[in-house]
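Notes follow the structure.
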Amino acid sequence: MFMPVPVYSFSGAVRQEGFRMASLGKKALILTGKNSARQSGALQDVLTVLHENAVETCLFEDITENPTVDSVAAAAAFGRREQADFVIGIGGGSPMDAAKAAAYLMASPERQPSDLYTAGEDNHLPLALIPTTCGTGSEVTAVSVLTRPEKQTKKSISHKIFADLAFIDGAYLSSAPLSVLRHTALDAFTHCVESYLNTQADDFSRMYAREGLRLWQENRSVLETAEADAGCFQQMMNASAMAGMAIAQTGTGIPHALSYALTYHLHIPHGKAVGYFTVGFLQEAGERSCRGVLQQAGFSSLQEFREWYRALYGIPEVPKNLLESAVESLLANPAKLRTAPFPTNRTVLRMIAENLLNET
Ligand code: NAP
Ligand code: FE
């Protein structure tokens, strides 16, 4: 069990504990998306606390959803020009993952974007992460998923980058539209499922996955009604972080691996794309495993989960040839296949991939 990220998780965490960022360096490169860091109030909290502690800042607000290697390279080049000596990522998984990769590139003037996908040293500039969604858990994982247009897919960089500080404040979730809440919460749910039913799981990772599912289940109704209080937002974010701590040990599984093609080619949001494969994955996992994990999330059967997914997210139309090519790519990744708690082959993977094919 290895979880090196100090996490401050409560309402007002940045305002109260943000002074700790001052020990990370003298000038912060702050990476955000276009709007969410401002809308959520997180950026203002960070700027206030840094300026109170005499830390300089420079702001790069151009991180888009599913960030590309090029956008990370642009952010790192900006940070180098500004002579920033640490990095802060504020937002959903996109700005947080971009911040990890930028912190890696900026650690040495020689590092090139191509080094992101080359084995080697993992050292990086000091890094603080502040989520504004309840999905990726990126603030506590070592993973940074970037879009690689030349490979027509998304892929984790080759380096493990854990943040030096994470601040989780449920208040930042209150500005998120219902669609963002739904998509990201589904991502957190799938992290718990894929980690719990993973050959790499152990007692510790299962503890995080179970507790993540419990918090998720207790607050799940916000995804249906959009009625939430501050405690609910905090718990949804904590569920996401616990799911992140679980996948930080085990990695994600087959649904995540299959999902990247849907996001790249059809622009389906990450959580919804992963959820598309969760029904088939649970079916293959077998009655006992499937029921056990679904019950922790408050679903009495796979059929109930399938109907819930259909009602909240709608079943996307996915061309069969795209599913086939996602399966072929996965077959070329034996390490990922080994995470499945059941034997895999082309037929099994196609059953998973095509489970919802005729339901649109
Ligand atoms: P995201 O792509 O970061 O953001 C999605 C949208 O939600 C953006 O338009 C964003 O606006 C908006 N948004 C975010 N927070 C908001 C708030 N509080 N109020 C209003 N709008 C808000 O979404 P995400 O699902 O969190 O991240 C997905 C990315 O993370 C994918 O690239 C996925 O592959 C990756 N991921 C990483 C890990 C990991 O362990 N590192 C795990 C799973 C997934 P702005 O553009 O204005 O910010
Ligand atoms: Fe995910």
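The values are calculated or read from the model by the stated rules, or taken from the named source; none is laboratory data. Just so we're clear, the structure is a prediction, and the values are computed from it rather than from any experiment. Note that we place each Cβ from the backbone using ideal geometry, even for glycine, and neighbour counts take in every protein chain shown. For accessibility, only protein heavy atoms count, side chains too; no ligands or nucleic acids. Shrake-Rupley method; radii C 1.70, N 1.55, O 1.52, S 1.80 Å.
Table: residues versus (1) without any contact (Cβ under 8 Å) to a residue 12 or more places away in the chain; (2) in contact with a Leu (Cβ under 7 Å, 6 or more places away or on another chain).
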position: ALA77; (1), (2): yes, no
position: GLN83; (1), (2): no, no
position: VAL87; (1), (2): no, yes
position: ALA99; (1), (2): no, yes
position: SER138; (1), (2): no, yes
position: THR141; (1), (2): no, no
position: GLU150; (1), (2): yes, no
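Let me spell it out: the conditions are (1) on the phi < 0 side of the Ramachandran plot; (2) assigned by TED's automatic domain parsing to the domain that holds LEU47, and CYS192 meets all of them except one. Which number is the exception?
The one condition CYS192 does not meet is (2).
Only one of GLY271, GLY280 is surrounded by 17 or more Cβ atoms within 10 Å (Cβ to Cβ), in a helix (DSSP H, G or I), modelled with pLDDT of 95 or more and out of contact with any Gly (no Cβ under 7 Å at 6 or more places or on another chain); which? Show your work before the answer.
On the way: GLY271 fails: out of contact with any Gly (no Cβ under 7 Å at 6 or more places or on another chain).
One residue alone meets the criteria, GLY280.
If GLU354 satisfies all but one of (1) over 21 Å from the mean Cα position of the chain (by Cα); (2) at pLDDT 95 or above; (3) exposed (fewer than 15 other Cβ atoms within 10 Å of the Cβ); (4) of a type outside the set (Val, Ile, Thr), what's the number of the condition it fails?
With respect to (1) over 21 Å from the mean Cα position of the chain (by Cα); (2) at pLDDT 95 or above; (3) exposed (fewer than 15 other Cβ atoms within 10 Å of the Cβ); (4) of a type outside the set (Val, Ile, Thr), GLU354 is out only on (3).
Being open to solvent by 40 Å² or more (accessible area, probe 1.4 Å) and among the aromatic types (Phe, Trp, Tyr), is that true of even one residue in region 225-238?
No; the residues of region 225-238 include none that is open to solvent by 40 Å² or more (accessible area, probe 1.4 Å) and among the aromatic types (Phe, Trp, Tyr).
So if I check each of ALA226, ALA171, ALA142, ALA230, which one is modelled with pLDDT under 95 and closer than 28 Å to ALA22 by Cα?
Numbers: ALA226 fails: closer than 28 Å to ALA22 by Cα; ALA171 fails: modelled with pLDDT under 95; ALA142 fails: modelled with pLDDT under 95.
Every option except ALA230 fails the conditions.
Can you list the strands (runs of 3 or more DSSP E) lying wholly within region 1-84 that have 3 or more residues being of a type outside the set (Phe, Trp, Tyr) and surrounded by fewer than 18 Cβ atoms within 10 Å (Cβ to Cβ)? Steps first, please.
Values: elements: 7-9, 27-32, 56-60.
Result: 56-60.
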